[in-house]
Amino acid sequence: MDLNLKELQVWFVTGSQHLYGEEALRQVAEDAKEIARSLNDVPEIPVSIVYKPVMTTSDSIRRLIAEANADEQCIGLVMWMHTFSPSRMWIAGLNMLNKPYLHFHTQYYRDIPWSEIDMDYMNLHQSAHGDREFGFINTRMRKERKVVVGHWKDPEAQKELAVWCRVAAAWDDSQGAKIARFGDNMRNVAVTEGDKVAAQIQFGYEVNAYSLGELIRYVDAVSEGQIDSLLEEYEESYVLTERVRKGGSERGALRDSARIELGLRSFLREGGFKGFTTNFEDLVGLKQLPGLAVQRAMKDGYGFGAEGDWKTAALLRAMKVMGAGLKGGTSFMEDYVYHLDPAGSRILGAHMLEVCESIAAEKPVLDVQPLSIGGKENPARLLFTAPQGPALCASMIDLGNRFRMIVNKVDVVQPPADLPKLPVARVLWDPKPNVKVAAESWILAGGAHHSVFCQAVTTEYVEDYCAMAGVEYLLIDEKTEVKTFKQELRLGEIYYHIAKGI
Ligand code: MN
């Protein structure tokens with residue numbers, strides 16, 4: 001997706017105090033500047049790391065935090081106590097802060113200079129206990145933050161920082177984001193429902209419904225010339241089947257699909273939407289279910305959920321932002337069919353049509369074929385398979401009193417044979433630790449049949465995202481055992497009930 005994360009800033013804030021004298025403070029500032037500059041140049045860190053003056057008083061901290069809160073480019077703060085910084089002076093600032101922050105527990109020098117170390121050195125390089133003081137006040141104030149430990153040149157610490165920066169970018173993107181919902185959700189389905197007001201309070205995005213009539217106006221306004229150029233783009237990008245090529249029996253249906261795509265795109269662009277949902281039960285005025293249009297919109301970074309699933313649409317958008325510029329795609333997904341062979345159980349993921357082409361291993365095939373439900377004309381869709389390798393499936397559900405994220409680590413595998421009669425894009429995966437434990441845990445946790453499938457980011461991203469949002473995070477991976485997972489579910493019920501207060 002087209003997103004320049006370098007335009008976003010993470011402020012590098014260093015704490016100290018006046019006890020050590022001006023000379024020491026000057027050194028603290030120089031060291032902090034060097035660290036900020038060096039982190040800014042780490043290729044994996046996609047945002048700008050911006051040095052801020054060393055904080056030594058409660059007043060200056062409050063002013064800085066007020067500035068950070070109001071600054072449109074600032075998506076979060078990295079904080080580090082180079083020396084001791086009595087943390088009562090951080091209380092007022094932390095109380096006001098409304099952006100995510102990361103506590104970087106680092107130290108200017110990596111190694112102790114054994115033969116040189118004296119009391120001056122000890123005074124200046126004491127983040128080992130300065131950061132503990134800062135940690136205490138955060139914990140005392142019950143503040144959610146990420147703690148990263150390691151030398152600032154250590155690639156592992158830099159990687160953790162980079163993950164958090166990407167998640168902070170997604171969090172920032174979510175604030176005030178608009179999700180368009182065409183119609184309501186698929187009738188009688190429970191998991192796609194939820195409290196949109198609660199979601200707006202918790203995640204910052206808003207979900208608004210639009211009638212199909214409003215979309216149709218944009219679809220009708222599309223010109224034949226626009227359709228012709230889009231068809232040219234299709235021809236360049238995909239392998240067209242005989243029937244959708246020029247003169248083919250379904251060429252007309254492909255034109256209809258292109259018209260829907262152009263209309264949908266102008267609707268989303270004009271309204272400044274970052275995601276949308278459709279519903280095959282509500283297609284009044286559309287000739288076919290938007291398949292290709294949705295696949296291509298997702299590729300460009302729009303969040304999407306089928307059957308009115310706005311939670312998945314918003315989550316997909318967030319994960320698109322986290323993964324911007326990284327290798328691997330991100331798509332709307334649904335657990336469809338099992339392969340229950342004890343020698344190698346698998347899950348076949350797909351959807352009726354709406355799988356994002358960012359996860360295609362090969363040049364997609366463009367086709368028009370009948371859809372057995374929905375009662376509309378034959379829709380266009382891209383057909384492909386996802387590449388082998390690690391991936392994850394993430395599902396956000398509304399439990400009535402709170403949101404819960406469930407994530408399953410999976411390995412994408414190659415289908416053992418062709419699937420010539422399956423006219424949808426698909427992914428075959430081996431869930432961790434295996435289908436039996438993964439599916440039992442997922443079902444006990446209430447995970448949806450819809451999910452966000454991602455090969456660009458890892459579970460650490462989703463964990464950081466949940467921490468920022470303050471929602472429950474449940475991981476199903478190679479270490480998961482049903483017995484302990486059940487205990488985790490019970491503990492979560494208690495914790496989130498009590499932690500929420502009234
Ligand atoms: Mn579905």
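Mind giving me the FRET efficiency for LEU419 and VAL149? R0 is 60 Å, r the Cβ-Cβ distance, nearest 0.05 is fine.
On the way: r = 47 Å, r/R0 = 0.78.
E(calc), rounded to 0.05, equals 0.80.
For segment 314-358, state which trypsin sites (Lys or Arg not before Pro) are in a DSSP loop and have at most 13 other beta carbons lying within 10 Å of their beta carbon. Please list the in-between numbers first.
Details: sites: ARG317, LYS320, LYS327, ARG346; in loops: LYS327.
Those satisfying the criteria are LYS327.
Give me the net charge of ASP41's neighbourhood, meaning all other residues with Cβ under 14 Å from the Cβ of ASP41; Lys, Arg count +1, Asp, Glu -1. Mind dumping the intermediate values first?
Numbers: positive: LYS6, LYS33, ARG37, LYS153; negative: GLU34, GLU44.
With Lys, Arg at +1 and Asp, Glu at -1, the neighbours total +2.
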If the only charges are +1 at each Lys and Arg Cβ and -1 at each Asp and Glu Cβ, what is the size of the charge dipole of segment 53-103 around the Cα centre, to the nearest 20 debye?
180
Total charge of the residues flanking ARG62 in space, meaning their Cβ is under 14 Å from its Cβ, with Lys and Arg +1 and Asp and Glu -1, is +1
Got a sec? What order do ILE498, ILE216, ILE61, ILE91 fall in by accessible area at 1.4 Å, biggest, i.e. largest, first?
ILE498, ILE91, ILE216, ILE61
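How high is the relative contact order of segment 178-499, in percent, with contacts defined as C-alpha pairs under 8 Å that are six or more residues apart?
Values: 670 pairs, mean separation 56.2, N = 322.
For segment 178-499, the relative contact order is 17 percent.
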What is the sum of charges, Lys and Arg at +1 and Asp and Glu at -1, for the other residues whose Cβ falls under 11 Å from the Cβ of ILE216?
+1
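Percent antiparallel among DSSP beta bridges with both residues in segment 381-502, to the nearest 5? Write down the numbers at each step before the final one.
Working: 17 of 23 bridges.
Percentage antiparallel, nearest 5: 75.
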Cross-link reach list, aspartates and glutamates versus LYS483, counting only Cα pairs under 15 Å and skipping chain neighbours closer than eight places
GLU440
The size of the Cβ-based charge dipole (Lys, Arg +1; Asp, Glu -1) of the chain about the Cα centre, to the nearest 20 debye, is 840
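So if we plug the beta-carbon distance of ALA29 and MET96 into 1/(1 + (r/R0)^6) with R0 = 22 Å, what FRET efficiency do we get, rounded to 0.05?
On the way: r = 24 Å, r/R0 = 1.08.
My answer for the efficiency is 0.40.
Taking the Cα centre of segment 5-174 as the origin, how large is its charge dipole in debye, to the nearest 20, when only Lys and Arg (+1) and Asp and Glu (-1) carry charge on their Cβ atoms?
Numbers: 19 positive and 24 negative charges, 133 e Å.
The dipole magnitude comes to about 640 debye.
In terms of the Cα gyration tensor, with a ≥ b ≥ c the square roots of its eigenvalues, is the chain rounded because a/c is under 1.5, prolate because a/b exceeds b/c, or oblate? Walk me through the numbers before you get to the answer.
Values: a/c = 2.13, a/b = 1.90, b/c = 1.12.
Judged from the Cα gyration tensor, the chain comes out prolate (a/c at least 1.5, a/b above b/c).
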Using the Cα centre of segment 5-174 as origin and beta-carbon charges of +1 (Lys, Arg) and -1 (Asp, Glu), tell me which of SER174, VAL47, LEU5 is placed farthest towards the positive end of the dipole.
SER174
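Pairs LYS299/LYS327; LYS320/LYS436; LYS178/LYS320: which are spaced more than 23 Å apart, C-alpha to C-alpha? Before the final figure, lay out the partial values.
Working: LYS299/LYS327 13 Å; LYS320/LYS436 29 Å; LYS178/LYS320 15 Å.
From the list (LYS299/LYS327; LYS320/LYS436; LYS178/LYS320), the Cα-Cα distance tops 23 Å for LYS320/LYS436.
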Sequence gap of 8 or more, or different chains, plus Cα separation below 20 Å: how many lysine pairs satisfy both in segment 5-174?
13
I'd like to know which of LEU215, ALA380, TYR461 lies farthest towards the positive end of the charge dipole of the chain, counting +1 on Cβ of Lys and Arg and -1 on Cβ of Asp and Glu.
LEU215
At R0 = 25 Å, how high is the FRET efficiency between GLN175 and ARG63 if r is their beta carbon distance? Nearest 0.05 is fine.
0.65
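Rounded to whole Å and ordered largest first, report the semi-axes of the equivalent ellipsoid of segment 5-174 derived from its Cα gyration tensor (root of 5λ). Kindly include the intermediate steps, with their values, before the conclusion.
Values: eigenvalues 118, 74, 39 Å².
For segment 5-174, the ellipsoid semi-axes come out as 24, 19, 14 Å.
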Taking every DSSP beta bridge that has both residues in the chain, what percent is antiparallel when rounded to the nearest 5?
50
Distance in nm between label sites at LYS486 and VAL239, each 7 Å beyond Cα in the beta-carbon direction?
4.8
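Could you work out the helix-only [θ] at 222 nm for the chain, with each DSSP H run of four or more residues adding -39,500 (n - 2.57) and the total divided by the number of residues, to the nearest 500 deg cm²/dmol?
Computed mean residue ellipticity for the chain: -12000 deg cm²/dmol.
The values are calculated or read from the model by the stated rules, or taken from the named source; none is laboratory data. As the structure is a prediction and not an experimental result, all values here were calculated from the model. Note: ideal-geometry Cβ built from the backbone for every residue, glycine included; neighbour counts use all protein chains shown. These area figures cover heavy atoms from the full protein model, side chains too; ligands, DNA and RNA do not enter into them. Shrake-Rupley method; radii C 1.70, N 1.55, O 1.52, S 1.80 Å.
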